[in-house]
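**Q** One structure is given below, represented as structure tokens, and several questions about it will come after.
The values are calculated or read from the model by the stated rules, or taken from the named source; none is laboratory data. The shown structure was predicted, so the numbers you read here are calculated from the model rather than taken from an experiment. Ideal geometry is used to build each Cβ from the backbone, glycine not excepted, and the neighbour counts take in all protein chains shown.
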Amino acid sequence: MKREKVDVLIIGAGPSGSVAASYLHNAGFSLKVVEKNKFPRFVIGESLIPRCMDHFEAVGLMDCLKAKNFEVKTGARFLQGGKTCEFDFSKKHTEGWDWTWQVPRADFDKTLTDELTKRGVDIAFEKEVTAVEFMNGRSMTTILDKEGSPSQIEADYIIDSSGFGRVLPRLLDLEKPSEIPRHSSIFTHVRDVRRPEGWEGYRITFDIVSRETWFWVIPFSNGYTSIGYVGPTEYLESFEGNSTCRLREMIKLSGHYRDRFEDLPYEFEPRMIKNMAKSAKKLYGDGFVLTGNSAEFLDPVFSSGVAFATESAHLAARMIAQELRGEIVDWEKDYSQYILEGVNVFSSYVKEWYAGNLQKIFFADTENTVIKSQICAVLAGYVWDKTNPFVKNHYRLIGTVAHITDLEKEASAKA
Ligand code: FAD
């Protein structure tokens, strides 16, 4: 059986795997990326948030992405009935990127892997990690090619960036139930032939159909648009027929978008991901670390997935580089606690969203620009900035402000 030896093995070539690979390759370590699929491949997660730009820039992957002219995203719009709440990333509390992209991920992820391949990073496509053993501080990983032939890779470190594949959580019994409600999603792409001219046509929007259900519209620069619906699993399953019939019925529930998307042919049979939220018992161990969705996934409502994937991958790669250079690193404090701090902030926002409190603030009759800029910084992914009260006091502040919003509404109704 073929056997290779590298410093670092990376499982998965999504944004998380690519950012980690770019950092470690630039730092001079030997590495191998093993990717189950052939690229381009479809994956969901198309609305980015500005924080991920910091990571692409830090590892030298920004220029190849800029050259692709993806649709620029400068904020996000939320609709509820006749009300609109629009966030503009240039008006956010925390300094940082005020734009990012809305991207077809097949193209986006392939751009990253093409760039890495060009630089000499060894990416083995259509190879699947099936088993891992740890011994004497090193790991031995078994991979199968598409014909089922096995080979092995010995590595000092494994970065598990396998997304919903969740390779190490499965193999090492690290799966943990998430605290986030059981939500599912159904989605596809359409050729957006009725796209209106100008801003309305390209504006990324979340149309809030009810407290727990919403519809996304993510227009791409290539003329296609991603549409998807999110809600409690039982509710989504209560729609009859196959996934095409279900999504067609769901679109009718969006007052704003029904006319634009009704009856358009779907580019592929809508896919359904059930009970999306994922969690892990621990994020690292002797000789391995989990990044991106393999570590945690909350909910798509604030588009935080890719930014968490790149944040965790960039940090994990830096810490592995330090450790392999013989420095002492504190994985518990500097990796696990740091990543979970950010996860906890977003987790509060997701929970408060579905509890209805955040929606009260978004759609309040009077807009408070200071509060809005602080929430905007969170939506841009700057969730470690303790000068932001909506980060520092995320457990309590949303509920408190929602309560005040209720009182103000009552008072103005009485006046
Ligand atoms: P991925 O991008 O999933 O990459 C993992 C790679 O690992 C894949 O290419 C896979 O083929 C490979 N792999 C898996 N198993 C193996 C194996 N055994 N061996 C080798 N390779 C393997 N995020 C956003 O930022 N914005 C959004 O708008 C958004 N919307 C979403 C909507 C829905 C419905 C869902 C479910 C998620 C959404 N996300 C969104 C989250 C987003 O999809 C992920 O957070 C993001 O793709 C994670 O990146 P990653 O690099 O960790 O994993």
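**Q** Does Gly75 satisfy the criteria of being at pLDDT below 95 and either over 29 Å from Ala317 (Cα atoms) or not assigned by TED's automatic domain parsing to the domain that holds Ala307 (or both)? Full working, then the answer.
**A** Details: at pLDDT below 95: no; either over 29 Å from Ala317 (Cα atoms) or not assigned by TED's automatic domain parsing to the domain that holds Ala307 (or both): yes.
No.
**Q** Follow-up. Between Tyr354, Tyr335, Tyr395, which is assigned to a helix (DSSP H, G or I) and surrounded by fewer than 18 Cβ atoms within 10 Å (Cβ to Cβ)?
**A** Of Tyr354, Tyr335, Tyr395, the one residue that is assigned to a helix (DSSP H, G or I) and surrounded by fewer than 18 Cβ atoms within 10 Å (Cβ to Cβ) is Tyr395.
**Q** Could you please find all residues in the stretch 24-50 being in contact with a strand residue (DSSP E or B) (Cβ under 9 Å, 6 or more places away or on another chain) and more than 9 Å from the ligand (Cβ to nearest atom)?
**A** Leu24, His25, Phe29, Ser30, Leu31, Lys32, Phe42, Pro50
**Q** Tell me which residues, restricted to the stretch 55-73, are in contact (Cβ under 8 Å) with a residue 60 or more places away in the chain, of a type in the set (D, E, K, R) and under 27 Å from Asp385 (Cα atoms).
**A** Scanning the stretch 55-73 gives a single hit, Lys73.
**Q** Kindly provide the set of residues from the stretch 283-296 that are outside any loop (DSSP other than H, G, I, E, B) and either surrounded by fewer than 24 Cβ atoms within 10 Å (Cβ to Cβ) or more than 9 Å from the ligand (Cβ to nearest atom) (or both), ordered by number.
**A** The initial filter retains those residues of the stretch 283-296 that are outside any loop (DSSP other than H, G, I, E, B), namely 284-285, 288-290, 292-294.
The answer is Tyr284, Gly285, Phe288, Val289, Leu290.
**Q** Test Ser221 against the criterion of being closer than 28 Å to Ala21 by Cα, of a type in the set (Gly, Ala, Ser) and in the same structural domain as Lys252 (by TED's automatic domain parsing), and give yes or no.
**A** In short, yes.
**Q** Which residue out of Thr111, Thr141 is in contact with a strand residue (DSSP E or B) (Cβ under 8 Å, 6 or more places away or on another chain) and at pLDDT 95 or above?
**A** On the way: Thr111 fails: in contact with a strand residue (DSSP E or B) (Cβ under 8 Å, 6 or more places away or on another chain).
Within the list Thr111, Thr141, the selection yields Thr141.
A quick yes/no check of all residues on (1) among the hydrophobic types (A, V, I, L, M, F, W, C); (2) touching a Ser or Thr at 6+ places or on another chain (Cβ under 9 Å):
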residue	(1), (2)
Ile251	yes, no
Ser254	no, no
Ser279	no, yes
Gly287	no, yes
Phe297	yes, yes
Ala309	yes, yes
Ser312	no, yes
Glu323	no, no
Glu327	no, no
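**Q** Considering only residues that are of a type in the set (S, T, N, Q) and within 23 Å of Phe220 (Cβ to Cβ), look in the stretch 108-122 and name the one that is nearest to the ligand (Cβ to nearest atom).
**A** In this case the residue turns out to be Thr113.
**Q** Can you list the helices (runs of 4 or more DSSP H) lying wholly within the stretch 177-279 that have 3 or more residues being surrounded by fewer than 19 Cβ atoms within 10 Å (Cβ to Cβ), over 19 Å from the mean Cα position of the chain (by Cα) and of a type outside the set (A, V, I, L, M)?
**A** Result: 199-202, 233-237, 243-251.
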